[in-house]
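These notes are about the structure you will find just below.
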C-alpha cells in the first residue's frame, strides 16, 4: 500500500497529521490535536492570522537579503555543503548554525539561515519556490484545499537581488525541544500553511531542534469590527428613537402565566439508524442517545449523551494507538482496529488504559465528563465516515 497522509479530526475540532506506512498501519507518532473551543462553541477560526504576503524571491544564488540578516533557499538536491560552496561559506559553520549535518539532504525550498552577510547577487527571472504545501487544519475542517502555490502567483512579489525593506523583515524562531509546526504557528498567530510555504517544510511538517524558521509577514489586513460612532466631548450621546415614535405599538394579546405551555414531542435521535445501516462491527461506546449526528466537514463523528461518571468503553477490540489531550487538558483516545479502521473518543476523564494496550470490545476506557456528552468517530484510514453505519 502506498504511503499517504491526512488529517484526523476529533470532536469536530481535533486536527492531527497522521500517515500510513507500507504495511498499511497508521502512524500516529505526530498526532497533534487541537480541540480549541470543544464543549463551548466548536472550531473557532476567528483568531486566525491574516493572510501572509508571499515570501520574497531570492537572487540567482538563492539568497534573500534583509537589513538584519540573510537566508538562502535550498534547491532540489541541495545539502548544506552545496549551499556553502555556492555562497563561499564554511560548510561546518553553516551546518552548526542551522543545527543539521553538512551532508544531510535539504527539502527544496527550505530556508538556510546564514551566520554572516555575503555580497548581494543579481536578480533571477524565475524565483525559487518552496514545496511546503499543506492543508490548513483550522480552515475547512480538514477538507482538502486548492493548490496554495497557484494562489501565491496572484500576489505581488517584491523585486529580487536587493535588500528587502526593513518593514518586510520577518522574525526568526529557533525551534526548541518539543515544539511542532502547529505550536509555532499558534505561538505567532500565523497559519500553518503560510509557515510551511515560507520555510519550505516537508509534507510531514517535521522540525528539528535548533532549526531557524522565518515567521511569515502579514499581507492582507484583518477585517475590522464595526465601532459605535462617538460624539464630541461634552456634547452627549444621541438619544435613540423609540419605536412608539414612528408607529403604534402592536396590538398584542398576552396569555396569562397560568396557561399551560404545549410541549412538542422531542425526536429520539438515538433511533435514526435503520436496519440496513448497521453491520454490527462496533458497539455504542456510551449508554445514551445520539444528540448530534455525523455531518462531513462540520461534525466528523457523533455526539452521545452520557450520564456524568458513566463508563465509556471501546467500541471494538483493538490497540490503543494514542492518548493525548486537547488545549483544555481533556483526554482524547484513539484505538486502532483491523481493516485500517480507527475509533476516536473525546469528552471523557479518568482514563483507565495506556498507549499500546490491547483492548476488547466493551473494555472501559474512562468515565464521561460532567458535560454529559461523549464524542465518537470512526475513521477509515484518514477519512471520517458515519459511525452509525458501523454500530449494531
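The values are calculated or read from the model by the stated rules, or taken from the named source; none is laboratory data. In this text the structure is predicted, and so the values were computed from the model without any measurement. Here the Cβ is made from the backbone with ideal geometry for all residues, glycine too, and neighbour counts use every protein chain on show.
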- prompt: What number of residues within the stretch 274-289 satisfy the criterion of being closer than 13 Å to residue 386 by Cβ, surrounded by 10 or more Cβ atoms within 10 Å (Cβ to Cβ) and modelled with pLDDT under 90?
  reply: 4
query: Does the stretch 233-242 include one or more residues that are at pLDDT 70 or above and under 18 Å from residue 168 (Cβ atoms)?
result: no
- prompt: at pLDDT 75 or above and outside the structural domain of residue 385 (by TED's automatic domain parsing): does that describe residue 256?
  reply: yes
Every residue from the stretch 71-123 that is in contact (Cβ under 8 Å) with a residue 60 or more places away in the chain and part of a strand (DSSP E or B): 71, 73, 111, 113
- request: From 304, 323, grab the single residue that is in a strand (DSSP E or B), more than 16 Å from residue 378 (Cβ to Cβ) and assigned by TED's automatic domain parsing to the domain that holds residue 380.
  value: 323
- prompt: Quick check, is residue 359 free of Cβ contacts under 8 Å to residues at least 40 places away in the same chain, over 26 Å from the mean Cα position of the chain (by Cα) and more than 21 Å from residue 288 (Cα to Cα)?
  reply: no
task: Could you please give the count of residues in the stretch 207-232 that are modelled with pLDDT of 90 or more, in contact with a helix residue (DSSP H, G or I) (Cβ under 8 Å, 6 or more places away or on another chain) and in a loop (DSSP other than H, G, I, E, B)?
output: 3
